[in-house]
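The values are calculated or read from the model by the stated rules, or taken from the named source; none is laboratory data. Quantities reported herein were computed from a predicted structural model and do not represent experimental measurements. Ideal geometry is used to build each Cβ from the backbone, glycine not excepted, and the neighbour counts take in all protein chains shown.
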């Protein structure tokens, strides 16, 4: 009896409407630098052309700005966050990213994760020891990374946690 009822339900579902969708929008993130490797900002949409297998494609949306790959912040974009609240959350995330820029640069003095492991050890989290093929952070970079941490006042915060 149960099998018959279940079978009838499944047959009923088979005829139910199904929603399908398709999109052809492809997001392309681009960084443009000059001959010295410095970022070029402020380029307009007209400076870019997209071709796919030799076919020119239109640019449906265009925005400029930095895209911090070191940090991802998820901002609530629901109705309750409209207007000033959303603008404030976005401004806060951008301010945090700006404040962290010196640390991003300091952690780039050698290939990752070497400076990060040293920084965490410096803060009292883990050891700076590494296994081959990694090597320890070059002592000439200790002051750079320690200075970036000090400017963020995380050394004192780590001491309070540890």
Filter result (at pLDDT below 85 and surrounded by 10 or more Cβ atoms within 10 Å (Cβ to Cβ)) within the stretch 33-63: 40
Boolean, residue 35 is touching a residue at least 24 places away in the same chain (Cβ under 8 Å) and in a loop (DSSP other than H, G, I, E, B): no
Please indicate, with yes or no, whether at least one residue in the stretch 44-60 is assigned to a loop (DSSP other than H, G, I, E, B), closer than 24 Å to residue 90 by Cβ, in contact with a helix residue (DSSP H, G or I) (Cβ under 9 Å, 6 or more places away or on another chain) and free of Cβ contacts under 8 Å to residues at least 60 places away in the same chain. yes
Taking the stretch 107-119 as the search range and keeping residues that are surrounded by fewer than 20 Cβ atoms within 10 Å (Cβ to Cβ) and part of a helix (DSSP H, G or I), which one is nearest to the chain's Cα centre (by Cα)? 116
Does residue 91 qualify as being within 23 Å of residue 153 (Cα to Cα) and surrounded by 14 or more Cβ atoms within 10 Å (Cβ to Cβ)? no
